[in-house]
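This report refers to the structure that appears directly beneath it.
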There are 2 protein chains.
Amino acid sequence: MKIGELAKATATKVETVRFYEKAGLLPSPARTDANYRSYGPAHLQRLSFIRRARDLGFSLDAVRDLLALADDRAKPCGAVDAIASGHLTEVERKIADLSAMREELRRVIGSCRHNPVADCKIIETLGPRVAVNAGISA
Amino acid sequence: MKIGELAKATATKVETVRFYEKAGLLPSPARTDANYRSYGPAHLQRLSFIRRARDLGFSLDAVRDLLALADDRAKPCGAVDAIASGHLTEVERKIADLSAMREELRRVIGSCRHNPVADCKIIETLGPRVAVNAGISA
DNA sequence: TATGCACCCTGTAGCAACTACAGGGTCAAG
DNA sequence: CTTGACCCTGTAGTTGCTACAGGGTGCATA
């Protein structure tokens, strides 16, 4: 399959596919006589892995690690586990942050309708979270 | 107060404060004789607003809009509301995605201990989400 | 056969939002 | 009077793409 098809199949832009190749995440495929990239099912598999991992918030570096581990199928699973565990912690933190944010946005949106900005709670909501213990002189 | 104090008070790096100034988010402060930036409480207020909004995932553009609206306190609240609503949708999507991810990570971490990578579920878990309706010939 | 048009190629430059120097100046303490 | 922590400007790097520019390929259609 050609790059455009692969891109479509994985909801990726063509440029991004080439970017992943240059970044060493996706192996360079065979080329046609016309120098077109020619992908097989393994590439599709791998790119969908990459996309999904990226969607799930793994950095390209983390994806690289994961792929390396996936390729070396004899190795014990501990390393994968470590990456995933580290990531889980991060994900849980993000969820907590975003949940707090969601509540504030809801509150803001709920309290904010049809009022002039002067009465808009968003400014208050977002404004006054200053670090206290910093010894500021003004 | 000097830039280092302001930075500390808002958990921001000095370079980032200067970056916000150059980006038009934080007004240029007065300077001392030594050409040091000299900030007042209004700057502290505004920077804490910026930091918090950024923390909550607003883009610099959105923050700029928010600040403009906050400055022009006569305007109706609708525009603020629109920005916040748009952002809420995004946040809810992110939370949903991350929650799904958290569940998968937990499952993976639970099932993956002490096995070789060949039996590691993380690869399966991340792999086979391919768009179906794309008319691929292989 | 020609001539579009969609697709492919490489390479480089740009985006957000910082972050990190390099190469200097300032100032208070010891 | 020097040492060290701070400040200044400016530029270049980072991540993860995205968007050209300037060209080549392949297939249908007039």
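The values are calculated or read from the model by the stated rules, or taken from the named source; none is laboratory data. From a predicted model like this one, the values you see are computed outputs, not experimental measurements. Cβ coordinates were reconstructed from backbone atoms using ideal geometry, including for glycine residues, and neighbour counts include every protein chain displayed.
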Which residues, taken from the stretch B:5-35, are near DNA strand D (Cβ under 9 Å from one of its atoms), over 18 Å from residue B:63 (Cβ atoms) and surrounded by 13 or more Cβ atoms within 10 Å (Cβ to Cβ)?
B:5, B:8, B:14, B:29
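Quick one: which residue in A:88, A:25, A:67, A:47 is away from DNA strand C (no atom under 11 Å from the Cβ), closer than 30 Å to residue B:54 by Cβ and in contact (Cβ under 8 Å) with a residue 24 or more places away in the chain?
Values: A:88 fails: in contact (Cβ under 8 Å) with a residue 24 or more places away in the chain; A:67 fails: closer than 30 Å to residue B:54 by Cβ; A:47 fails: closer than 30 Å to residue B:54 by Cβ.
Of A:88, A:25, A:67, A:47, the one residue that is away from DNA strand C (no atom under 11 Å from the Cβ), closer than 30 Å to residue B:54 by Cβ and in contact (Cβ under 8 Å) with a residue 24 or more places away in the chain is A:25.
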When both residues are 6+ apart or on different chains and their Cβ atoms are under 9 Å apart, which pairs have a first residue that lies in the stretch B:102-113 and is closer than 20 Å to residue A:96 by Cα and more than 7 Å from every other protein chain (Cβ to nearest Cβ), and a second that is surrounded by 19 or more Cβ atoms within 10 Å (Cβ to Cβ) and modelled with pLDDT under 75?
B:104/A:56; B:104/B:122; B:104/B:125; B:104/B:126; B:107/B:125
Out of curiosity, is residue B:11 within 11 Å of DNA strand C (Cβ to nearest atom), of a type outside the set (Ser, Thr, Tyr) and touching a Leu at 6+ places or on another chain (Cβ under 9 Å)?
no
Has the stretch B:9-18 got at least one residue that is free of Cβ contacts under 8 Å to residues at least 24 places away in the same chain and of a type in the set (A, V, I, L, M, F, W, C)?
yes
Looking at the stretch B:50-62, is at least one residue of a type in the set (Ser, Thr, Tyr) and either more than 17 Å from residue A:97 (Cβ to Cβ) or in contact with an Asp or Glu (Cβ under 6 Å, 6 or more places away or on another chain) (or both)?
no
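In this structure, does residue A:54 turn out to be within 21 Å of residue A:9 (Cα to Cα), surrounded by fewer than 20 Cβ atoms within 10 Å (Cβ to Cβ) and free of Cβ contacts under 8 Å to residues at least 24 places away in the same chain?
Working: within 21 Å of residue A:9 (Cα to Cα): yes; surrounded by fewer than 20 Cβ atoms within 10 Å (Cβ to Cβ): yes; free of Cβ contacts under 8 Å to residues at least 24 places away in the same chain: yes.
Yes; evaluated as a whole, the condition is true for this residue.
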I'd like the full set of residues that are near DNA strand C (Cβ under 7 Å from one of its atoms) and either within 13 Å of chain A (Cβ to nearest Cβ) or of a type outside the set (Gly, Ala, Ser) (or both), limited to the stretch B:50-60.
B:54, B:60
Let me spell it out: the conditions are (1) facing chain B (nearest Cβ under 7 Å); (2) small (Gly, Ala, Ser); (3) within 13 Å of DNA strand D (Cβ to nearest atom), and residue A:84 meets all of them except one. Which number is the exception?
(3)
